[in-house]
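Only one structure is covered here, and it is reproduced in the block below.
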Amino acid sequence: MLNKLFKDKVNGNSVNIIMATAMGAMCVGVLMGGAMPKQTSAQEAVEPMPEKEPVTLPTAYYSTLLTEPKPRESGAKVIVGSEHIATVSQEDFALLRAYLAGKLNEQITSQHSSASYSEDIGFVHGSYVKSDFSELDEVISIMFDENENGENLVSLSKSYVTETEETIPFETVEVNNPLLPKGESFVSQEGEDGTRVTLTLVTETDGEIVGTRVFSEATTKQPVNKVIEIGTATFNNLMWPVGAGGGYVSSDYGYRTFDDSFHKGLDICGVPEGSDIYAVYAGTVIRSESNKNGYGEFVVIDHGNGYHTAYAHMSSRDVQIGDKVLAGDRIGGIGTTGQSTGVHLHFEVRYGGEFANPNDFLA
């Protein structure tokens, strides 16, 4: 009957060592290199066996048989992508998860930002050999420090929205003004810049911008163009001096047979009293008075280059000596003051102090 059964590995092979009272000694002898006993006679069988030296097994053999199981503890394998990079204790697992979450939260600076890792990071929980656990700092270094190839096992990406405001420059526009003398100009409207707001989605990996995309652009303030009016008028293209439909010429320039006199201008009537009288060309007012020589309320404008225009029988005067006027500016109202037979405007053109035919200058 066998007393004990031991199983061990010797040179990588499984060996059963059976120790029994009689058979065991035989087996031990065989295993240790001894020979099987030879056949003996009955007499020899009862005679005592010669003494043999005791068999001593190597210390390493007993050490292997008596080795205690390695201590185990709850922990987690750290998986990056599909690769097992380390095993950590349960305590370090909690710390690592908090570290990873905090690293992401640091990147989220507004409601319009997000962050993620370039690789899936997972954990497999179980009971693992305690000596296989890695230190937390070492695991973090494996994940985020550059390797010998200058690469990171795990990269941190973040996306966020930037808002930029840019200036929309105003444009300068030139327009022809037929009421302004040729060669003259003025700014009728100052320019003002506009603004545009642009929203851009920016993507960063490990602090380096790897992509941008504009997804919204809106003009918050329209620019106002600067307008420069360029004069195109010449003195032989004067505007009509009377508003309210313009009326009609009741007495032309030149010799009049009905009173045997020379008429020095045009008489324009057919509009209500007080209707607008306009300056026919840009210039400076040199007379604005109640004339005692039959002109009544009277205005004279100097247009430069020797040209003057005169306006008589006005109901009112809206300008004073020294005023600068442009063609189309109201200078008074039509009336019947002075030596007048009815509501009308007496209009004259003078050049170098001499009277000229207004019809040669009116458009």
Query raised in the report: Val124 versus Ser316, label points 7 Å from Cα toward the beta carbon: distance in nm?
Result: 10.1
Report summary line: The pairs in Lys182/Lys324; Lys77/Lys103; Lys182/Lys221; Lys221/Lys324; Lys70/Lys103 lying past 26 Å Cα-Cα in this model are Lys182/Lys221; Lys221/Lys324; Lys70/Lys103
**Report entry** Gyration tensor (alpha-carbon) shape descriptor, segment 248-360, a/c threshold 1.5
**Finding:** oblate
Query - Label point 7 Å beyond Cα of Ala244 along Cβ direction - residues of segment 298-314 with amide nitrogen under 19 Å - result: 298-299, 311-314
Query raised in the report: What is the Cα radius of gyration of segment 160-233 over 2.2 N^0.38 Å, N being its residue count?
Result: 1.83
Query raised in the report: What's the FRET efficiency of Ser185 with Thr219 using the Cβ-Cβ distance as r and R₀ = 22 Å, to the nearest 0.05?
Result: 0.15
Requested in this report: May I ask you to compute the full-extension gain from Thr257 to Thr198, defined as 0.36 nm times their residue separation minus their alpha-carbon distance, rounded to one decimal in nm?
Outcome: 13.4 nm
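Rule-based calculations on the coordinates, nothing more; no lab input. Model, not experiment: these values are computed from the prediction. Don't worry about glycine lacking a Cβ; one is built from the backbone with ideal geometry, like all the others, and counts go over all protein chains shown.
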